[in-house]
1. Go through region B:224-240 residue by residue and turn each phi into a ³J(HN,Hα) via Karplus (6.51, -1.76, 1.60, θ = phi - 60°); whole Hz please, and just put x for glycine and proline.
2. Where does region B:107-246 land on Rg/Rh, using Cα atoms and the Kirkwood Rh?
3. Around B:Arg4, under 9 Å between beta carbons, what's the net of Lys plus Arg minus Asp minus Glu among the other residues?
4. Taking the alpha-carbon distance from B:Lys229 and a cut-off under 16 Å, which lysines remain once sequence neighbours fewer than 8 residues away in the same chain are dropped?
5. Return the average number of partner chain Cβ atoms within 10 angstrom of each residue Cβ along peptide A:16-29.
6. Average partner chain C-beta neighbours within 10 Å, per residue of B:207-213?
7. For the charge dipole of region A:13-125, defined by +1 on Lys and Arg C-beta atoms and -1 on Asp and Glu C-beta atoms about the Cα centroid, which residue among A:Ser54, A:Tyr78, A:Ala35 has the Cα displaced farthest towards the positive pole?
8. Using 7 Å Cα-to-Cβ label points, what is the B:Glu77/B:Ser51 separation (nm, one decimal)?
Amino acid sequence: MTRELTRPLPWNWWLKKAVYFQFMMRELTSLAVFAYALLIIWALLSAADAGSFSTFYTFLSSSLSVWLHLVILVLSLYHTGTWIALTPKVMVLWRGDERVDPGVIAGANSILFLMISGAVIWLVLM
Amino acid sequence: MSDRTVLDVYRYLPDNESEPTFQSYELDYQDNWVVLDALNHIKAEIDSTLSFRWSCRMGVCGSCGMMVNGEPKLTCETFIRDYDTQTITIEPLSHFPVIRDLVINMDDFMEKLPRVSPWLIPDEDKPLEDGEYLQTPAQVAHYKRFSMCINCMLCYSACPVYGLDPSFTGPAVLALAARYNLDSRDDGMKERAAEVSAHEGIWECTYVGECTQVCPKDVDPAGAIQMLKLSYALDWARSVVMPRSSGS
Ligand code: FES
């Protein structure tokens with residue numbers, strides 16, 4: 001019986017290839033989405049009581065909060081981009097015998113995302 | 001026209017040494033040489049102890065997969081002239097146990113392959129006199145891409161999920177499950193669910209996507225797995241909303 005050699009992945013495997021690094025960044029940026037979800041939950045919980053809402057409101061107007069929002073926005077946009085890029089893999093559409101071009105599906109999703117985001121921004125600023 | 005290159009080749013001789021080493025072979029190569037030609041030249045002219053697998057030499061049998069400068073490649077399709085580095089590093093496919101030199105043990109893959117029932121499972125077998133199961137070109141187009149796999153296992157070597165957890169069913173086997181699930185003559189999706197829609201199956205895939213990039217046959221296992229996720233998730237949702245009509 002020959003001795004076989006097993007080669008476990010080193011801990012830094014994701015630093016060895018750009019694609020693996022991008023994958024890790026995609027996964028890590030989901031934490032930004034999670035952080036914003038926590039912020040929304042805080043907002044909802046504090047809405048019931050005037051005292052805690054004013055604490056939340058004070059936090060919102062702080063420069064820390066502005067920076068936090070900016071960072072979360074950038075990371076969430078990156079994360080959203082990776083999801084939109086993934087849509088043609090999941091939504092395989094056929095027009096008769098021909099597969100709809102993946103670029104068209106990703107493009108349509110991007111336009112939809114921009115339109116919904118635009119509508120939300122318009123609603124908030126109205 | 002001939003040129004000179006150095007192949008830095010991974011050596012593991014379990015009878016002589018416990019750790020792998022790298023051995024450099026300097027050689028002249030022709031412009032039309034692929035990496036496999038160079039390895040065969042080494043074996044015939046320089047060092048007959050070097051072990052590696054190959055068979056068809058035309059990208060069909062899937063047995064000559066190796067890491068070339070860290071990328072999983074079919075060495076019979078990888079031209080030396082395309083590497084402008086002085087030295088080309090050749091290693092056995094990542095994530096698989098090494099038996100000797102560039103030869104890996106693929107038992108794990110072979111054991112997983114039949115688990116997803118990669119054959120047609122019709123609800124009812126037609127009697128022979130009814131003739132063939134006919135398909136339109138459009139029906140063939142739905143699964144054709146996923147049927148082109150040559151079991152070269154480059155996708156397993158590119159997949160860090162498999163590298164971290166070898167219990168993951170893996171890209172090629174799941175792509176083959178998708179190939180049958182998408183076939184109009186097949187009704188085996190539910191039968192395959194226990195293997196395919198398991199934690200070690202599609203749900204372990206985190207969509208790194210590199211399996212699709214390295215596939216020499218353009219199979220797109222990453223896409224197949226995402227499609228499987230959607231179809232099994234919809235099937236589950238249907239079974240919750242309409243428990244009776246789903247038949248599960
Ligand atoms: S030798 Fe058959 S695929 Fe390379």
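Bear in mind these aren't lab numbers, they're just calculated from the coordinates by the rules spelled out. Predicted model, so just to flag it, every value in this text is computed and none were measured. Here Cβ is always computed from backbone atoms with ideal geometry, including for glycine, and neighbour counts include all displayed protein chains.
1. 4, 5, 5, 5, 5, 4, 5, 5, 6, 5, 5, 4, 5, 4, 4, 5, 7
2. Values: Rg = 15.5 Å, Rh = 15.7 Å.
The Rg/Rh ratio comes out at 0.99.
3. Working: positive: none; negative: B:Asp3, B:Glu26, B:Asp28.
Combined, the nearby Lys, Arg, Asp and Glu give -3.
4. B:Lys229 reaches A:Lys89, B:Lys190.
5. On the way: counts 2, 6, 0, 7, 4, 0, 2, 7, 2, 0, 4, 3, 0, 0.
Counting Cβ atoms of other protein chains within 10 Å of each residue's Cβ and averaging gives 3.
6. Values: counts 7, 9, 7, 4, 0, 1, 1.
Mean shielding count: 4.
7. Of the options given, the answer is A:Tyr78.
8. For the pair B:Glu77/B:Ser51, the computed spacing is 2.7 nm.
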